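Here the structure comes first, spelled out in structure tokens, and everything after it is commentary.
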Amino acid sequence: MAVAVALVLAGVAWLYLAGPIGRTAPGCAVTLAGAHEVTAFAMSVEQADNAATIAGVGRRLGMPDHAVSVAIATALQESNLRNLTYGDRDSLGLFQQRPSQGWGRSEQLTDTVYASTAFYQRLRQQRNWQRLEVTDAAQLVQRSAVPQAYAQWEPQARAIAAALTGEVEATLSCHDIVVGAPAANVSALATHELGAAALSGSQPPERGWALANWLVAHAARLAIDRVGYDGRTWTAESGEWQTTGTPDGRLILHVAPPPA
């Protein structure tokens, strides 16, 4: 189980989902500005990558933003947003799904796209899940022995989901990432997770920011060193979003050249 640590520094409330405090290693964060302080939910690169997959699959399946929050909260509780190859009894993957309980074969449950799809499909079968709190909806799917355990992750899950569904702009950033040889092809991954997706050109705001944040969350895996949308740009070098032009509704990305 993940341990969240809250820290307030210079008006910024940091909530760490994993890893040491401070930008001493590659990592990602979702940063939300409130009336009196800025709240940042920090993640490892692996956690951000998996959260992007969960959100991307949710969009492909036409699930509402609430479902993405439920799925991310569930994965935070069950695996700390890690694709585990072990667990209680035969539990596996992001959601600790069990082959013996009809979730799928072992190799399927450690495929993050399959596992996310299976979670959403099971959630969609539950009566009135859309009206339930995050923890109650998660419990309908997971049947946990600790049914209220998912509630502790709701703030983080909603913030991460808001970034990856495009509800909020320029909020997910990754810093100090190693941009080397890509582990996956951008177009292939977009098709696998999102369905057919245009990853450049003019995009409406919510879709544009969802794609931009998805690209940043996957930047380490895809060797992306620059993402831009609507006059804002994230670079692997700076590790943050900066204003670089006038808003134009256009999405751009740049894949780093292969290492020499």
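The values are calculated or read from the model by the stated rules, or taken from the named source; none is laboratory data. Source: prediction; values computed, not measured. As a convention, Cβ positions derive from the backbone with ideal geometry for all residues, glycine included, and neighbour counts pool all protein chains shown.
Here are some notes:
- Matching entry among T85, T53 (being crowded, with 18+ Cβ neighbours inside 10 Å and either modelled with pLDDT under 90 or hydroxyl-bearing (S, T, Y) (or both)): T53
- Qualifying residue in region 70-79 (condition: farther than 26 Å from L222 by Cα, surrounded by 22 or more Cβ atoms within 10 Å (Cβ to Cβ), of a type outside the set (D, E, K, R) and touching a residue at least 24 places away in the same chain (Cβ under 8 Å)): yes
- Any hit, region 201-219, residues being of a type in the set (S, T, Y), under 24 Å from A75 (Cβ atoms) and surrounded by fewer than 21 Cβ atoms within 10 Å (Cβ to Cβ): no
- Residue within region 186-203 that is touching a Ser or Thr at 6+ places or on another chain (Cβ under 7 Å) and either basic (K, R) or at pLDDT 95 or above (or both) present: yes
- Of all residues in region 67-100, those being outside any loop (DSSP other than H, G, I, E, B) and either closer than 21 Å to T135 by Cα or among the β-branched types (V, I, T) (or both) number 15.
- Condition check for E193: assigned to a helix (DSSP H, G or I), out of contact with any Phe, Trp or Tyr (no Cβ under 7 Å at 6 or more places or on another chain) and not aliphatic (A, V, I, L, M): yes
- Scan of region 128-182 for residues that are in a helix (DSSP H, G or I) and either without any contact (Cβ under 8 Å) to a residue 12 or more places away in the chain or touching a Pro at 6+ places or on another chain (Cβ under 9 Å) (or both), ordered by number: Q130, R131, T135, D136, A138, Q139
- Pairs, first at positive phi in region 197-216, second outside any helix (DSSP H, G or I), C-beta under 9 Å, six or more apart: G201/R250; G201/L251; G201/I252
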